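A quick write-up on the structure given underneath.
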């Protein structure tokens with residue numbers, strides 16, 4: 001009887017093994033939709049004439065959420081009425097001009113995504129990226145240790161906010 005009890009405990013513990021993969025795992029086996037991107041904000045209603053539905057416009061407005069950008073600005077404490085055509089607050093146009101004074105690459109996101117994919121491929125090719133959480137292993141050499149930097153700024157006389165203990 002004791003032997004069967006031990007076997008039952010071992011089987012139960014073996015069922016708990018494996019667990020969830022890390023949140024920063026670069027690979028996915030899922031072909032389904034991302035459930036965190038779908039959030040109904042308004043009541044979904046069926047129109048009387050389904051043929052009169054508007055054509056979907058990616059990045060545009062929809063019937064349940066006509067002003068998503070202005071709603072996000074309002075939730076974060078901003079003034080949705082201060083947005084100009086590009087979604088930039090009117091008070092930030094000077095900042096935007098200064099940031100783009102040397103030119104702006106319109107395909108920067110695509111360029112960075114391509115370079116990052118190549119970097120991660122090189123890291124995994126040489127066996128440096130292993131284990132569950134591959135993100136921190138891949139970028140360990142590029143990480144900034146916050147506490148020595150905080151101390152360096154404090155030693156230089158720069159006013160710094162308090163930091164949580166290690």
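Read-outs: derived from the displayed coordinates by stated rules, not from any lab. Nothing here was measured: the structure is a model prediction, and the numbers come from that model. Backbone-built Cβ (ideal geometry, glycine too); neighbour counts: all protein chains shown.
How many nm separate the modelled label positions at residue 154 and residue 2, each set 7 Å beyond the Cα in the direction of the Cβ?
The answer from the label model is 5.7 nm.
R0 = 25 Å: FRET efficiency of residue 75 with residue 96, Cβ-based, nearest 0.05?
Calculated transfer efficiency: 0.65.
What's the FRET efficiency of residue 65 with residue 162 using the Cβ-Cβ distance as r and R₀ = 35 Å, to the nearest 0.05?
The computed FRET efficiency comes out at 0.35.
Could you order the peptides 112-123, 139-150 from most to least packed, using the average number of other C-beta atoms within 10 Å per residue?
112-123, 139-150
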